[in-house]
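Peer 1: The structure follows.
Nothing in this text is a laboratory measurement; each read-out follows from the coordinates by a stated rule. Remember, predicted model here, so these are calculated numbers, not experimental data. Here the Cβ positions follow ideal geometry from the backbone for every residue, glycine too, while neighbour counts run over all protein chains shown.
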Amino acid sequence: MEKERGLLIVLSGPSGVGKGTVRKAIMNEDTDLQYSISMTTRQPREGEMDGVDYFFKSKEEFEKMIADNKLLEWAEFVGNYYGTPVDYVEQTLSEGKDVLLEIEVQGAMQVRKHFPNGVFIFLMPPSLSELRSRITNRGTETDDVINNRMKVAKEEIELMENYDYVVENDRVELACERIKAIVTAEHYRKDRLVDKYKKLLEVE
Ligand code: 5GP
């Protein structure tokens, strides 16, 4: 019998909302999700490792990936490229495993075009002031970058309409629980199961 494809779960939301923290917390738990490691041209932050946090690439290498159609989506974000390698995603989904992307909103909208059946989750900050303090507390960015990220974040929040779910990140553990509940429920959607169970009827 043909193997069922996994679900593509897209976690997105404004810069600084804590997508990375929530994604790491989910991946640290014993879930069946496979995380797709992104490529970026930005410099590694302290403690980040190539092949774990990102695949760190030069601008030339990244542009070659774009030209060779090796990226499912990509975006330029605050002066750097970020993108999702397509082969890993396709391969993993075809093995029947669920794949988690953690990407910014422009990229999420591109993914939606290719994967209308994906599950699109928008992570929402409790408030804009909370968002600003999270971006500031990270301590790795200059004032200019912080202000730019806040401006981008407000535009990003307006794109919430295009998502299937909105999850508030008031506390990381709660956000994780909500996302896991969404993934579980998505597996039992009638539209995903109806063909499978109709085939069962044919067997008797
Ligand atoms: P950071 O530089 O803080 O790690 O990431 C900046 C933004 O890029 C975050 O919103 C992050 O979710 C997003 N991002 C990370 N990987 C990708 C990717 O592969 N594609 C897109 N479109 N955005 C990404």
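Peer 1: Taking the Cα atoms of region 85-204 alone, what are Rg (to one decimal) and Dmax (as a whole number) in Å?
Peer 2: 18.3, 68
Peer 1: Now, a different point. Estimate the FRET efficiency between D50 and R192 by the formula 1/(1 + (r/R0)^6), using the beta-carbon distance for r and 41 Å for R0, to the nearest 0.05.
Peer 2: So the FRET efficiency works out to roughly 0.70.
Peer 1: Kirkwood Rh and Cα-based Rg: tell me the resulting Rg over Rh for the chain, rounded to two decimals.
Peer 2: 0.99
Peer 1: ³J(HN,Hα) across region 48-56 via Karplus (A = 6.51, B = -1.76, C = 1.60, θ = phi - 60°), whole Hz, x for Gly/Pro?
Peer 2: 7, 10, 5, x, 10, 7, 8, 9, 7
Peer 1: Looking at the chain as a GNM with Cα springs under 10 Å, which of G83, G96, G139 has the largest mean-square fluctuation?
Peer 2: G139
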